[in-house]
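A.B. asks: Mind looking over this structure? Questions follow.
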Amino acid sequence: TITKQETFVAMLNRFAPEKMKEFGKKLFQKKITLREGVRGVVESIPSCHYRDMTEFINDKEIREGFEELLFFLKDADIPFIIISGGLKDSVERRLESYMDFIDGIYAPSIDASGEFLKIVSAFEEDDELVAKVRVMDLFSYDQSISIGDGATDHKMALHSTLVFARDRLATFLNKRQVRYVPWENFLDIKKYL
């Protein structure tokens with residue numbers, strides 16, 4: 001969502017291309033959940049590749065207006081929480097220069113102490129590696145705003161007061177006739193707010 005390119009899928013395709021093909025086929029056939037597929041792919045990768053994986057996101061371009069939105073939210077005293085299906089180390093590494101404007105990052109961690117990577121998620125539930133609604137429930141708020149674009153954002157969007165959606169998330173919400181605000185970049189979101 002934050003980077004222009006879908007970095008997590010691209011990273012998995014680079015480090016586990018055969019498992020990604022297998023995962024994609026099984027997911028399309030509805031033989032596995034997204035959580036099962038992602039876990040299967042990530043945990044097939046030898047731990048010796050983890051450093052390269054965390055560095056993979058370094059040069060990925062951030063979507064236009066991200067910094068401006070963060071400044072706007074900070075000035076308005078609106079907390080900005082990232083709830084990601086990507087790897088926490090990668091997200092933190094790429095957003096390091098923005099950390100003063102981010103009030104929390106919730107994403108799966110990796111245990112690279114064994115021969116193969118192991119996903120560690122405190123919010124794993126049903127078909128989600130990170131149950132985003134459970135993370136939302138950690139906070140007290142009158143209104144919630146979600147910004148998303150993919151399959152991992154479905155449940156969060158359905159539990160939010162205001163939803164900014166694009167791509168697969170917009171398609172999902174259209175099918176369910178759920179109201180949302182379309183967006184292309186973070187300047188659109190800032191302008192709307």
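The values are calculated or read from the model by the stated rules, or taken from the named source; none is laboratory data. Keep in mind it's a predicted model, so treat the numbers as computed, not measured. Glycine gets a Cβ as well: all are built from the backbone with ideal geometry, and neighbour counts include every protein chain shown. Keep in mind that these areas ignore ligands, DNA and RNA; they rest on the heavy atoms of the full protein, side chains included. Shrake-Rupley method; radii C 1.70, N 1.55, O 1.52, S 1.80 Å.
A.B. asks: How many residues are open to solvent by less than 50 Å² (accessible area, probe 1.4 Å) and out of contact with any strand residue (DSSP E or B) (no Cβ under 7 Å at 6 or more places or on another chain) when one looks only at segment 1-43?
C.D. replies: 16
A.B. asks: So if I check each of ILE32, ILE82, ILE57, which one is within 30 Å of LYS191 (Cβ to Cβ) and in a loop (DSSP other than H, G, I, E, B)?
C.D. replies: Working: ILE32 fails: within 30 Å of LYS191 (Cβ to Cβ); ILE82 fails: in a loop (DSSP other than H, G, I, E, B).
Just one listed residue meets the conditions, ILE57.
A.B. asks: VAL91 is checked against (1) modelled with pLDDT of 95 or more; (2) aliphatic (A, V, I, L, M); (3) in a helix (DSSP H, G or I) and fails just one. What number does that condition carry?
C.D. replies: (1)
A.B. asks: Now for a separate question. Could you pull out the residue among PRO17, PRO79, PRO46 that is out of contact with any Leu (no Cβ under 7 Å at 6 or more places or on another chain), of a type outside the set (D, E, K, R) and free of Cβ contacts under 8 Å to residues at least 40 places away in the same chain? Don't jump to the end; show me each part of the working.
C.D. replies: Numbers: PRO79 fails: free of Cβ contacts under 8 Å to residues at least 40 places away in the same chain; PRO46 fails: free of Cβ contacts under 8 Å to residues at least 40 places away in the same chain.
Just a single option satisfies the conditions, and that option is PRO17.
A.B. asks: Additional query: Considering every residue within segment 127-149, establish whether at least one is buried (at least 18 other Cβ atoms within 10 Å of the Cβ), among the basic types (Lys, Arg) and closer than 14 Å to ILE81 by Cβ.
C.D. replies: Scanning segment 127-149, I find at least one residue that is buried (at least 18 other Cβ atoms within 10 Å of the Cβ), among the basic types (Lys, Arg) and closer than 14 Å to ILE81 by Cβ, so the answer is yes.
A.B. asks: Of the residues that sit in segment 2-31 and are of a type in the set (D, E, K, R) and within 20 Å of the chain's Cα centre (by Cα), which one is modelled with the highest pLDDT? Steps first, please.
C.D. replies: Initial filter on segment 2-31 (of a type in the set (D, E, K, R)): 4, 6, 14, 18-19, 21-22, 25-26, 30-31.
Those left that are additionally within 20 Å of the chain's Cα centre (by Cα): 4, 6, 14.
Details: LYS4: 88, GLU6: 83, ARG14: 93.
Here the answer is ARG14.
A.B. asks: Here are LEU73, LEU27: which of them is in a helix (DSSP H, G or I) and under 20 Å from SER146 (Cβ atoms)?
C.D. replies: The unique qualifying residue is LEU73.
A.B. asks: So is SER109 in contact with a strand residue (DSSP E or B) (Cβ under 9 Å, 6 or more places away or on another chain), among the polar types (S, T, N, Q) and surrounded by fewer than 18 Cβ atoms within 10 Å (Cβ to Cβ) or not?
C.D. replies: For SER109, the condition - in contact with a strand residue (DSSP E or B) (Cβ under 9 Å, 6 or more places away or on another chain), among the polar types (S, T, N, Q) and surrounded by fewer than 18 Cβ atoms within 10 Å (Cβ to Cβ) - is met.
A.B. asks: Just name the residue that is nearest to the chain's Cα centre (by Cα) out of those in segment 156-181 that are closer than 19 Å to GLN143 by Cα and loosely packed, with under 12 Cβ neighbours inside 10 Å.
C.D. replies: THR161
A.B. asks: I would also like to ask the following. Kindly list the number of the only condition in (1) open to solvent by 80 Å² or more (accessible area, probe 1.4 Å); (2) within 14 Å of LEU95 (Cβ to Cβ) that fails for ILE62.
C.D. replies: (1)
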